[in-house]
Amino acid sequence: MAKPEPANPQVYAERWAALKNIPPFLAMIWRASPGLTSVMILLRLIRALTPVAMLWVGKLIIDEVVRLIALEGHPSQLGDWWITGMANHLLWLVIAELALALGSDIIGRLVTYTDSLLQEKLVISLSVRLMDHASDLDLATFEDAAFQDRLDRARRQTMGRIPILGQVMQQLQDSVTVISFGAGLIAYNPWLVLLLMIALIPAFWGEMHFNSELYMLNWRRAADRRERDYLRMIGSAADSAKEVKIFGLNSFLRDRYHLLAQRFYRENRAISRRQLAVMALLTSLGTLCYYSAYLWIIGRTLTGTLSLGDLTFLSGSFLRLRGLIEGLLISFSNMAGQALYLDDLYKFFDEEPLIQSGPNALPIPNPIRQGFAFENVGFKYPEAERWAVRGLSFELHAGETVALVGENGAGKTTIVKLLARLYEPTEGRILLDGRDLRDYDLDDLRASIGVIFQDFVRYAMTAADNIAAGRIDARDDRGRIENAAERALADQVIAKLPAGYDQMVGKRFARGVELSGGEWQKLAIARAYMRDAQVLILDEPTAALDARAEFEVFQRFKDLSSAKTALLISHRFSSVRMADRILVLEDGKVQAQGTHEQLLVQNGRYRELFELQAQGYR
């Protein structure tokens, strides 16, 4: 179940605490690609030492030029310098600086190339892990709004480039560069480094403050952002286009989206304005400190304490070090902010399913001998006040076809979800062959059930893959797919498609062919047959079919489910009358049961509903 969100993400202690996510994140980078990670670290280490090496060689060049100019009797012509060999040392220094410059450019390209590959590897690794973990979580978890907000924030960490990866790598590189430059400054005067730190610390805390504000703002926005994205989607999606046009919803959707987007804009602008004013002041303080140090270096050079090369090296080092430390502190602040977002990802991964296989779980009996028994089962959806079912007791015998009949909200679909252990009973228990359903292996149980819900998924895949989704490990078994299609009468639909079973269906992707509601439903029913499970559950499977197609589907279903345990939910009495037994549900309980003929004889709810429906055909 969902865990409570932190009360105030803006607290600095929580911001620093979020840095605990960096070590496991580094481990995730290593697992994504050990080879690329090693290459990236080596390249960045070399690149980190290159700036100080180039600046030091530049100092040596200037000192050598000054020395040669000061020599008495030095050559007067440029060419004479090289003939006499007096400038050979200078030439090698220039060649060394050229080699460092060329090497830095090449390594920079290699770093960019390696970084892009590592980003791709990490996104793939995280996305696969997120999909795997999401598949293990309880259905109730997905129906919790707080979890949906957390999932949305977690999903955003795996979309495109992951900023914190580049930040961490750049931090390591810049830290090495700072240490090398700092060692040079300390060798001349330790006070220069202290002055630099005094200038930069206020700017660092300023960045920390505004990054924290932005995180808190985005944290609060999760639900509204999902609504904004939803409005933008349904305002321009193919699935909703008909109703948007017919009902004239465009203005309503556009205005609601614009209202949210404008509010986000105003909030961002307010923070950005304050950040602009405060950070401009703090940055100016850093500039003043730099020029104070610069004046000291110039003064020492004029008194002869420092050489002209020293002046160049120290002023360049101070300037580069100021930029590096400022960038390092800001990057560290940003990294702490990104670590808060990373915290959302880890909270998602920390979410544990409550419905799991117990220790020493049993395999599902094959074949099922007795069947299922509901014993005084009660269930209430999370956060709901009303019981979906309560005091529910009935049996589903092995090899029997049972139909569930009742008005909306009577508990029919809830029974299906309990049977497949998508939910656990709040009270009572469900037995399979005399043992509690929780004693059996969860994956084995669901593999033994073929279920098609009324709100089945329309996969934007080929027709073959839509059917193979029922038993995806048999995706390459075309014979089995075609057999399942024939059973569900979906073969007639596929025969009309330009590419047959290999035709992309749905209009989401190019060259896709849209199907009617009834055609989609036949593909979905074929999934249940593809599964070839011991238990077959059809939840309103023919809602989108015409009367003739519905009759054909149920005639076929009656023949094919003769050796299976089947549960059928339908509002159409012409469909349920073929069941061995009909359960009439009312207020979450079994109000009556029997065959179609037996229930018609009784002056009860079934007869009342049957006659109400029959009037529509008279």
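Just so it is clear, none of the values below were taken in a lab; they were calculated from the coordinates. Computed from a prediction, not measured in an experiment: that's the story for all the values here. As a convention, Cβ positions derive from the backbone with ideal geometry for all residues, glycine included, and neighbour counts pool all protein chains shown.
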Quiz prompt | Where the Cα pairs of the stretch 364-453 fall when distances are cut into 5 Å bins, in % | solution = 3, 13, 25, 27, 20, 9, 3, 0
Exercise. Go ahead and run the numbers for FRET between Gln356 and Trp205, Cβ-Cβ distance against an R0 of 35 Å, rounding to 0.05.
Key: 0.15
Practice problem: Restricting things to alpha carbons, find the Rg to Rh ratio for the stretch 455-532 using the Kirkwood radius for Rh. | Solution: 0.92
Self-check item: FRET efficiency estimate (nearest 0.05) - Cβ-Cβ, Arg386 to Glu608, R0 22 angstrom
Solution: 0.45
Exercise. Before anything else, pin down the relative contact order of the stretch 455-532: Cα pairs under 8 Å, at least 6 apart, normalised by residue count, whole percent.
Key: 44
Quiz item: So if we plug the beta-carbon distance of Leu45 and Glu120 into 1/(1 + (r/R0)^6) with R0 = 30 Å, what FRET efficiency do we get, rounded to 0.05?
Solution: 0.85
Self-check item: Inter-probe distance in nm under a simple model that places probes 7 Å from Cα toward Cβ, at Ala495 and Phe349
Solution: 5.2
Practice problem: Please work out whether the stretch 343-391 counts as rounded, prolate or oblate from its C-alpha gyration tensor, where a ≥ b ≥ c are the square roots of the eigenvalues and a/c under 1.5 means rounded, while otherwise a/b larger than b/c means prolate and anything else oblate? | Solution: oblate
Quiz item: How much length is gained on full extension from Ser135 to Arg475, taking 0.36 nm per residue of separation minus their Cα-Cα distance?
Solution: 120.4 nm
Self-check item: Residue-span extension gain [Ala447 to Arg67] - 0.36 nm each, minus C-alpha spacing
Solution: 128.3 nm
Quiz item: Kirkwood Rh over Cα pairs of the stretch 350-500 into Stokes-Einstein at 20 °C, 1.002 mPa s: D in µm²/s?
Solution: 120
Quiz prompt | Inter-centroid distance (Cα atoms) of the stretch 345-375 relative to the stretch 452-485, Å | solution = 24
Quiz item: Given 5 Å bins starting at zero, what is the percent of C-alpha pairs of the stretch 266-318 in each, up to the one with the largest pair distance?
Solution: 4, 18, 19, 13, 10, 9, 8, 7, 6, 4, 2, 0
Quiz item: How much length is gained if the chain between Arg577 and Asn250 is pulled fully straight, taking 0.36 nm per residue apart and subtracting their Cα-Cα distance, in nm to one decimal?
Solution: 113.3 nm
